[in-house]
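Notes follow the structure.
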Amino acid sequence: MAESYATEHEVSHPGLQHHFENMDQQREASALGMWVFLVTEIMFFGGMFLAYTLYRWKYPESFEVASNHLDIWLGAVNTVVLICSSFTMALTVYCTQIGRQQLQILFLVLTMIFGVTFLGIKAVEYKQKYDDNLIPGRLIPGHPFNPSVQEEGKPADKHKLHLIPGATVRNVELFYWIYFAMTGMHALHMIIGLGIMLVLLFFSVRGRYGPEYHNPIEISGLYWHFVDIVWIFLFPLLYLLGRHIGHG
Amino acid sequence: MSEHIVSVKVYFAIFLALLVGTVLTAWVAFFDFPGPLNAIVALTIACIKAALVILYFMHMRYSSRLIWVVFGAALFWLAIMFALTFSDYSTRSWLPVF
Amino acid sequence: MEEFKVPPPSKINYLNAEYGLKSWLLTRDHKRIALLYLGSISFFFMIGGIYAMLIRLELLTPHGQLLTSTTYNKVFTQHGIIMVFFFLIPSIPATLGNFLVPLMIGAKDLAFPRINLLSWYIYMLGGIVTIYALLAGGVDTGWTFYVPFSTTFSNSYVVATGLGIFISGFSSILTGLNFIVTIHTMRAPGMTWFRMPLFIWAHYATSLIMILGTPVIAITILLLAFERLAHVGIFDPALGGDPILFQHLFWFYSHPAVYIMVLPGMGVVSELIANFSRKNVFGYKFVAFSSLAIAIFGFLVWGHHLFVASQSVYAGMIFSFLSFAVAIPSAVKVFNWSATLYKGSISYETPMLYGLGFIGLFTIGGMTGLFLAALAVDVHLSDTYFVIAHFHYIMVGGTLLAYLGGLHYWWPKITGRMYPEGWGRFSALVVFIGFNLTFLPQFVLGYMGMPRRYHYYPEEFQVLHVLSTAGASILGVGLLIPAIYLLWSMRYGPIAPANPWHLPGLEWRTQSPPPTENFEQTPVVTWEAYEFAPIDEMEVVGRYGESKAEV
């Protein structure tokens, strides 16, 4: 593939940087660069998934109890919202490729709206956990981890932890730290992604991207889909693992 | 070396499949399967969803072999990290050799 | 060899293309960024070196008369942190690698020049945060930050130091990413994978480790910082966590990090050995693939740091076996270098002296590593000076010597000036003697039972400690001499020709120093790596870029 670069000299595109021979080489480099970056992201989240796996394996009951206390509906809705945003992001790339600038901007804005919706729902969930005193450690000073535990024989209260044999409040706290670490890191990636999209939107409106030149849109899309994939795993691992035992 | 443009139809089909997958995984979570099957079912559905996103939304299916290798490397190294760490934890309770 | 046409000497090169501080701080030229790194890395090396001298001075006497115990803990911790994260890991890749990867494959620059500059700024930011932590009160956990001491008990600046390392990790990731993409997509026409110099193969393997390992230490340090600040627990047994998980995650990166340090050194030495014996490297493909093998095997052995840390003995057996396996690709390299020397026309210029020193010292460092990989022996040697001596043979005897050798070898290309050869050889000798005198006694000390990280020791150990400190002083002088004459040569050294060593590599086929875009026009490669012509044919390149063929 390297052989083709030197001979041909196409008309220089304004988006072509000086050290590349042509647009193909530049495009290939930026796509590969983003994939390599995603590899680092996989390893980054991998460390947390490892910790999750270890403690879920060590403390299965506590993890099931703690997981049941998460709001499955908010989690499921958020999953759908994120899939929608991934879909519109894919369409953004598509519209750029075929040169439909108006649609490209529309889908980009839709993607951002879905992204913001996700973060909003996440905030609602965090608030619920705050109200139930489920913020682990001293993450919020003066607001320690102190959930009330459901007592036997009393009417079920969804704000209380329903401990089953083998589950302890201490290990529930461990689950909640992993939950906040993983979803928090995921949310941070969403916020960074939204920031990137603001920049993309700015240049899209000025008509910078089209069939000839759209690496930035394309690789930002890769990043956004990756963040979506992380959530695809977080949803079942965090929200669904104890549903079969019933207690809410 | 022009790029492949995926049609809207494919995108839409994948989108629907992802929605179905989400409903499915939430629904089956309420059934108790024997042994480790609960986790296996949930992870299988998640892996299929992730694969759809990677193959079609991220255009992996139409990408060069190099991209496959790069992505495969990430999975391989992730597997190393998990396998060797658990080689420790899963054998801790075994009887001592001596 | 008809390709030997060096463009007529031009007065414009990357150094004088632009002037002023701004032209340096905002540069996107990989060669200028390499020099920025060179300056800042030398600065951190100096700080780390001062800490090293403090340690050696303290250990002159058995009763710890110079420093308090707390200060001593901080001094060896900070020596380790500065040397590992701010010198050894970026040393060769960020300076020589940055400068040479595009030159050697015939590219105009790295694939992402702005990200390259960003990586330097991130490195500096991480360095400044770490220096702040050191000035504010320092850190005393050892460079390994083991929990729960670091999260719960230490009263030093753990979080700030961790933050510095976390930040600088991104610079490492970005450098690795840039190299991988550049090597894949920016090779000149005709520069096939198996025509690449082995330096490039080594940097490719290094970059793999950088992008696969560094993110794991990043998340580990982040979790550690949260644990310390917010009392949330993944690692703290009091909170249901497992402290060994920290060691697993830490060494998942930090063991391969040793190969981040030494693989580029192996790349440099492959160049030195082949070029100064004027022979193709024996078994080129084996050496190339052994770099990749080291990058992969390097990730399978981290558990040998946990043999006595309550890791399962069964895991210990697996890790022990795998640790022995990683010796194979390393040995392949040593054997092939030796075979390359055989019947070569060897010349002993300064870089070659460093290269030969590397082979010997790396072999000692590697072989003693096998002692430590053996489960039973490690129980005796774990956390003793034997370990210290072992990894200094790899890191100083390996990486530092290769770095110095590479710096001398490419100095004419980097600065356009020759260094004084006599002084070069002399200081190479001083470094070699000083290094061995420092660390050979430490093997003995460790075997006799001197633990690491202690500054009180039985009086019968004193003779060996005095020997070691004497060696460290000689080593210090040996490092000071090149620092002086290299700086001197930048202004007063003889003007370097385009190809002072008469070599075929692409980096020698452009003027010294190279122009901003490296080559007048994109080179087309029609020769194999290390394809040596007889010396007088190589003269075609000629001094000062004159072409004999044209004459």
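The values are calculated or read from the model by the stated rules, or taken from the named source; none is laboratory data. Here the structure is a predicted model, which means the values were calculated and not measured. In this analysis, Cβ positions are derived from the backbone assuming ideal geometry, glycine residues included, and neighbour counts consider all displayed protein chains.
Check region A:108-122 and report whether any residue there is more than 14 Å from chain C (Cβ to nearest Cβ), in contact with a Lys or Arg (Cβ under 9 Å, 6 or more places away or on another chain) and either surrounded by fewer than 23 Cβ atoms within 10 Å (Cβ to Cβ) or closer than 30 Å to B:Glu3 by Cβ (or both). Within region A:108-122, not a single residue is more than 14 Å from chain C (Cβ to nearest Cβ), in contact with a Lys or Arg (Cβ under 9 Å, 6 or more places away or on another chain) and either surrounded by fewer than 23 Cβ atoms within 10 Å (Cβ to Cβ) or closer than 30 Å to B:Glu3 by Cβ (or both). If you go through region C:463-500 and keep only what is in a loop (DSSP other than H, G, I, E, B) and surrounded by fewer than 20 Cβ atoms within 10 Å (Cβ to Cβ), you end up with C:Gly493, C:Pro494, C:Pro500.
If you go through region C:338-357 and keep only what is of a type in the set (S, T, N, Q), modelled with pLDDT of 95 or more and surrounded by fewer than 18 Cβ atoms within 10 Å (Cβ to Cβ), you end up with just C:Ser338. Under the condition of being touching a strand residue (DSSP E or B) at 6+ places or on another chain (Cβ under 9 Å) and more than 30 Å from A:Val230 (Cα to Cα), which residue from region A:134-179 is nearest to the other protein chains (Cβ to nearest Cβ)? Restricting to residues being touching a strand residue (DSSP E or B) at 6+ places or on another chain (Cβ under 9 Å) and more than 30 Å from A:Val230 (Cα to Cα), the top hit is A:Val149.
Yes or no, residue by residue, for (1) more than 8 Å from every other protein chain (Cβ to nearest Cβ); (2) modelled with pLDDT under 90; (3) under 16 Å from the mean Cα position of the chain (by Cα); (4) in a helix (DSSP H, G or I):
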| site | (1), (2), (3), (4) |
| --- | --- |
| A:His9 | yes, yes, no, no |
| A:Asp24 | no, yes, no, yes |
| A:Gly33 | no, no, no, yes |
| A:Thr40 | no, no, yes, yes |
| A:Gly46 | no, no, yes, yes |
| A:Asn78 | yes, no, yes, yes |
| A:Val93 | yes, no, no, yes |
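For region A:195-207, the criterion of a residue being within 18 Å of A:Met34 (Cβ to Cβ), at pLDDT 90 or above and within 14 Å of chain B (Cβ to nearest Cβ) is satisfied by no position. For region C:93-149, a residue qualifies if it is more than 21 Å from C:Ile47 (Cβ to Cβ), of a type in the set (D, E, K, R) and either touching a helix residue (DSSP H, G or I) at 6+ places or on another chain (Cβ under 8 Å) or modelled with pLDDT under 95 (or both), and the qualifying residues are C:Lys108, C:Asp109.
So is A:Met190 of a type outside the set (Gly, Ala, Ser), buried (at least 21 other Cβ atoms within 10 Å of the Cβ) and within 19 Å of C:Gly241 (Cβ to Cβ) or not? Criteria not met by A:Met190.
Do we have any residue at all in region C:200-217 that's within 7 Å of another protein chain (Cβ to nearest Cβ) and without any contact (Cβ under 8 Å) to a residue 40 or more places away in the chain? Within region C:200-217, one or more residues are within 7 Å of another protein chain (Cβ to nearest Cβ) and without any contact (Cβ under 8 Å) to a residue 40 or more places away in the chain.
Here are some conditions: (1) touching a helix residue (DSSP H, G or I) at 6+ places or on another chain (Cβ under 6 Å); (2) assigned to a loop (DSSP other than H, G, I, E, B); (3) under 22 Å from C:Phe235 (Cα atoms). A:Pro144 meets all but one. Which one does it not meet? The number of the failed condition is (1). Tallying residues that are away from chain A (no Cβ under 14 Å) and either in a helix (DSSP H, G or I) or closer than 22 Å to A:Trp35 by Cα (or both) within region C:139-158 yields 4.
Could you please find all residues in region A:43-64 being of a type in the set (A, V, I, L, M) and either free of Cβ contacts under 8 Å to residues at least 24 places away in the same chain or more than 27 Å from C:Leu222 (Cβ to Cβ) (or both)? Hits for region A:43-64 are A:Met43, A:Leu50, A:Leu54. Being in a loop (DSSP other than H, G, I, E, B) and either at positive phi or surrounded by 20 or more Cβ atoms within 10 Å (Cβ to Cβ) (or both): is that true of A:Phe226 here? The answer is no for A:Phe226.
Restricting attention to region B:72-87 and to residues that are closer than 18 Å to C:Gly316 by Cβ and more than 7 Å from every other protein chain (Cβ to nearest Cβ), the residue that is surrounded by the most Cβ atoms within 10 Å (Cβ to Cβ) turns out to be B:Phe86. Filtered by the rule that a residue be free of Cβ contacts under 8 Å to residues at least 12 places away in the same chain and of a type in the set (Val, Ile, Thr), region A:173-193 gives a lone residue, A:Ile192.
Can you confirm whether region C:250-264 contains a residue that is in contact with a Gly (Cβ under 6 Å, 6 or more places away or on another chain) and either within 14 Å of chain A (Cβ to nearest Cβ) or within 30 Å of A:Gly137 (Cα to Cα) (or both)? Scanning region C:250-264, I find at least one residue that is in contact with a Gly (Cβ under 6 Å, 6 or more places away or on another chain) and either within 14 Å of chain A (Cβ to nearest Cβ) or within 30 Å of A:Gly137 (Cα to Cα) (or both), so the answer is yes. Looking at region C:169-187, is at least one residue under 30 Å from C:Glu517 (Cα atoms), in contact (Cβ under 8 Å) with a residue 24 or more places away in the chain and not in a helix (DSSP H, G or I)? So far as region C:169-187 goes, yes, one or more of its residues are under 30 Å from C:Glu517 (Cα atoms), in contact (Cβ under 8 Å) with a residue 24 or more places away in the chain and not in a helix (DSSP H, G or I). Here C:Phe99 does not fit the description of being under 19 Å from C:Ala472 (Cβ atoms), among the aromatic types (Phe, Trp, Tyr), within 18 Å of the chain's Cα centre (by Cα) and buried (at least 22 other Cβ atoms within 10 Å of the Cβ).
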